[in-house]
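The next block holds one structure in the form of structure tokens; read it before the comments.
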């Protein structure tokens, strides 16, 4: 059920639970809300009596993805509406109170605590590959990215996963990466949500460079278009790797804003400014090619203290983020019901 009671007159609405993105964006929202109202024992004429707070949880919904729901509720007389976002949203420009919890994914699925239990010897980790690129979920853009990576690196030089989440995938996507196999497997042919966050091996740590393929992009239909920093980015920084991103424009700058070293003296992140996603992909591949012909093992040694500093910052943010976010959410609730 998507409706969670905070009190008798205030509810969270978990928009992230099983509402297809295309329905959110084309306004086909009524069937979900009506079903949720029935399950929560709220009659349609009582909708207006509640304060509604949309919760995006661990997803990248932006304000546009929420707007049809907001308008539907307003149409039923709702006057008190707010939202919690995990992607970057300029909440000052919204016509309703909202909070942005942009580093929330740092504690998603408890990946960080599990990583600490692995007790990895990061400094002495054998660098047996040139590049790490986990891409569990298959998509058109990721298929093209994988094919382009195989065009510049020997497959034996890359630790790459693709299509290991057991979702249906169009045969056209499988054909893109031919003659390479589908799925591309690192550990298990099917990797569930727990396995992807609670690794039982060190294979993804064995390259100095990581290509972070973030969740948001502008090529694939019905995915997030927002600047949404997920655990994928934090893992690269915690795994003591030199990070290159394939994401939406401006995401690398958001990483900088959070205080992380993105090694601008070593990596050319100018792709972060390119608005055309296909051109950006080509720029990313060009930069990966340039980097991986360098002695990145020595480069890793040269910047080791900076890599450690990023890992320390991950630890610091992780230790305080949850309590800070709960405080922001409490403040939002109080603002709406005062």
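The values are calculated or read from the model by the stated rules, or taken from the named source; none is laboratory data. What you see is a predicted model; the values in this text were computed from it and never measured. Note: ideal-geometry Cβ built from the backbone for every residue, glycine included; neighbour counts use all protein chains shown.
Brief remarks follow.
- Single residue of 236, 321 found to be touching a strand residue (DSSP E or B) at 6+ places or on another chain (Cβ under 6 Å), closer than 30 Å to residue 99 by Cα and assigned to a helix (DSSP H, G or I): 236
- Residue match in the range 37-51 (condition: closer than 30 Å to residue 111 by Cα, over 25 Å from the mean Cα position of the chain (by Cα) and assigned to a strand (DSSP E or B)): no
- Verdict on residue 98 being more than 17 Å from residue 8 (Cα to Cα), surrounded by fewer than 19 Cβ atoms within 10 Å (Cβ to Cβ) and touching a residue at least 40 places away in the same chain (Cβ under 8 Å): no
- Of 65, 35, 49, 28, all but one fail to be within 22 Å of residue 217 (Cα to Cα) and not assigned by TED's automatic domain parsing to the domain that holds residue 255; the exception is 65.
- The range 202-223, residues that are out of contact with any helix residue (DSSP H, G or I) (no Cβ under 8 Å at 6 or more places or on another chain) and closer than 17 Å to residue 278 by Cα: none
- Number of the exception - residue 66 against (1) closer than 26 Å to residue 317 by Cα; (2) crowded, with 19+ Cβ neighbours inside 10 Å: (1)
- Positions within the range 55-85 being under 21 Å from the mean Cα position of the chain (by Cα) and under 19 Å from residue 6 (Cβ atoms), in sequence order: 55, 56, 57, 66, 83, 84, 85
- Any hit, the range 255-268, residues being surrounded by 14 or more Cβ atoms within 10 Å (Cβ to Cβ) and under 16 Å from residue 218 (Cβ atoms): no
- Tally of residues being assigned to a helix (DSSP H, G or I) and under 16 Å from residue 78 (Cβ atoms) across the range 1-31: 1
- Conditions (1) farther than 20 Å from residue 203 by Cβ; (2) more than 23 Å from the chain's Cα centre (by Cα): number failed by residue 104: (2)
- The single residue among 243, 249 that is under 16 Å from residue 208 (Cβ atoms) and either in contact with a helix residue (DSSP H, G or I) (Cβ under 8 Å, 6 or more places away or on another chain) or not in a helix (DSSP H, G or I) (or both) turns out to be 243.
Yes/no matrix, rows are residues, columns are (1) without any contact (Cβ under 8 Å) to a residue 24 or more places away in the chain; (2) on the phi > 0 side of the Ramachandran plot; (3) assigned by TED's automatic domain parsing to the domain that holds residue 169; (4) surrounded by fewer than 19 Cβ atoms within 10 Å (Cβ to Cβ):
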site	(1), (2), (3), (4)
74	yes, no, no, yes
90	yes, no, no, yes
94	no, no, no, yes
117	yes, no, yes, yes
121	yes, no, yes, yes
124	yes, no, yes, yes
138	no, no, yes, no
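- Filter result (part of a loop (DSSP other than H, G, I, E, B) and either over 15 Å from residue 137 (Cα atoms) or in contact (Cβ under 8 Å) with a residue 60 or more places away in the chain (or both)) within the range 161-180: 178, 179, 180
- When we screen 227, 241 for residues that are within 19 Å of residue 134 (Cβ to Cβ), assigned by TED's automatic domain parsing to the domain that holds residue 142 and in contact (Cβ under 8 Å) with a residue 60 or more places away in the chain, the only hit is 241.
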